[in-house]
Structure formats: C-alpha cells, structure tokens
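What follows is a single structure, written as structure tokens, with notes after it.
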Amino acid sequence: MEKRNIYKDIVAAGAAALCIFFLAGKAKAWQQSQELCKMSIQAGGSLTEEVVEEFGKLPGITLFLPTDTVTVNIALGEYAMETELMGVAFGEYPLEWETAEPEIRLGNTAMLFVGKECFASFLDRNGYAPTKGQIEKWQQGYPQLELTITDETGHARKARICGILKDPAAQICMEQSQMQEVFGKAASAKGGYMEIQGVQNAEKARRLLEGAGFQVAAEGSAKE
C-alpha cells in the first residue's frame, strides 16, 4: 500500500483555502460594487442649477431627487414643535409607510406624512414631552388629529396627517407640489435624496459632499 505524503496534502489544503479566501474576497468586492446606497443631503442655502449639475459628476450616482424645506412650528393640542418640513415628490421619493389613508386627497388643507419617531419631539408649554400612552393614542387616531402649522412669517394654516412613515422615521413630509402651493417662496430646495451604486463610490461621494459643506446622512441600502 502506497504511503500518503502528508506534507503534500497540507500544501494542497492550504492552497485550496487561499483560493476560497481569494474568491470570497472577490465576491464581496463585487457585491459592494453593485450595492445601491442611499443618502440624504442638506445645504445651508438653496441649491442652484449649477450645483445640481455638479451632482451628476459624483462617482456612481444613479439618482438625485431635490427636496423642498420650510421651517415651521407645528402645534398639536397643548403640544408644539419647531422643525424643518420637507417637500417630496410623492410616488418618486422612497417613502416606507407604517400606515396610511387608503386614498390621499390633496386640497387646501396641508396634508402631512409624519415619521413614527416625530411625535416624541413635541413639547408642552412646560417643556415636557408626551407620554408613551399619548404618543400611541396619536398614532392610532392620526386621521382625526387637527394641527396648526405656523411659518417664519407668522402665517398659520390648518393641517392633517394622512399617514405615518416608517422611513424616514424622524422627518415630517408634504407632497412637494402642495408645499410649493401652500408656502410659496418660503419653501426652497436646500437638499435632496441620492442613490449611488457601490459602497466605495458612496463613501467617496460623502467625503466630497461634506467637504463642500453639505450635511450627509446615510440611509442604508436602496431597494432595487
């Protein structure tokens, strides 16, 4: 019976392990290069056409959707909060709903999409946040809630909630065209949503944008 060469077996096993490790690394790198990363950006002022054109030069960018913002105070009963209301293109911006009205009708009343974490940011006149029970009550009965939105000029408007958002969870949104109609020039495009293909491209884009003075928030992987 021929005696096996144990050293030869060890070398062969080591070579196979290295090959598997190399292929796994290649597979991971390929997967990262194909991954769609999404991020939101915010500038200190309104975006110009020239700046938006520059976004098209970012490595791996596949989509940019501008968003309008307006600073408002939102009152809900004895509670209130100051926030940046965000106008998004309904049907284009990737909203993930926790719950929503079967049919959303946009009229003269401002219709809000409220992130599920936003209710905890309301404060009463003494600076106290609502209780967990109060927040749950609001979330369950949101179609009946009546809110008042006051912009920076002091103009107050009535508003209602037409849905609770799972993502973005900490943002209050309006349909972009309604925001422009309701707030006029007070609303301006100061940021937007981006999709970039490739993890390394996304990291490079983030560094470039932050270097240019933008606030950048990664939002995980985009759905294909």
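Loop-located chymotrypsin sites (Phe, Trp or Tyr not before Pro) across region 99-207 with a Cβ neighbour count of 13 or fewer within 10 Å are 128, with loop assigned by DSSP. Values of log10 I(q)/I(0) for region 125-168 across q = 0.30 Å⁻¹ run -1.03, by the Debye formula with one identical scatterer at each alpha carbon and no solvent. Converting phi to 3J(HN,Hα) with the Karplus coefficients 6.51, -1.76 and 1.60 and the offset θ = phi - 60°, region 163-178 yields x, 10, 9, 7, 8, x, 7, 10, 10, 9, 10, 10, 5, 4, 5, 5 Hz in sequence order, with x at every glycine or proline. Sparse packing (at most 10 other Cβ atoms within 10 Å of the Cβ) combined with a DSSP loop state is found for the following trypsin sites (Lys or Arg not before Pro) in region 121-224: 125, 223. Between residue 125 and residue 166, the modelled label-to-label distance comes to 3.9 nm, taking each label 7 Å out from Cα in the direction of the beta carbon. Scanning residues 5 or more positions from residue 63 or on other chains, those with amide H under 5 Å from its amide H are 195, with H placed 1.01 Å from N in the peptide plane. Rounded to the nearest angstrom and listed largest first, the equivalent-ellipsoid semi-axes of region 160-201 from its Cα gyration tensor are 26, 17, 7.
Between residue 157 and residue 204, residue separation times 0.36 nm minus the direct Cα-Cα distance comes to 12.7 nm. Here is the tail figure for region 129-224: Cα pairs spaced more than 21 Å apart come to 55 percent of all pairs.
Values in this text are rule-based calculations from the coordinates and carry no lab data. Source: prediction; values computed, not measured. Note that we place each Cβ from the backbone using ideal geometry, even for glycine, and neighbour counts take in every protein chain shown.
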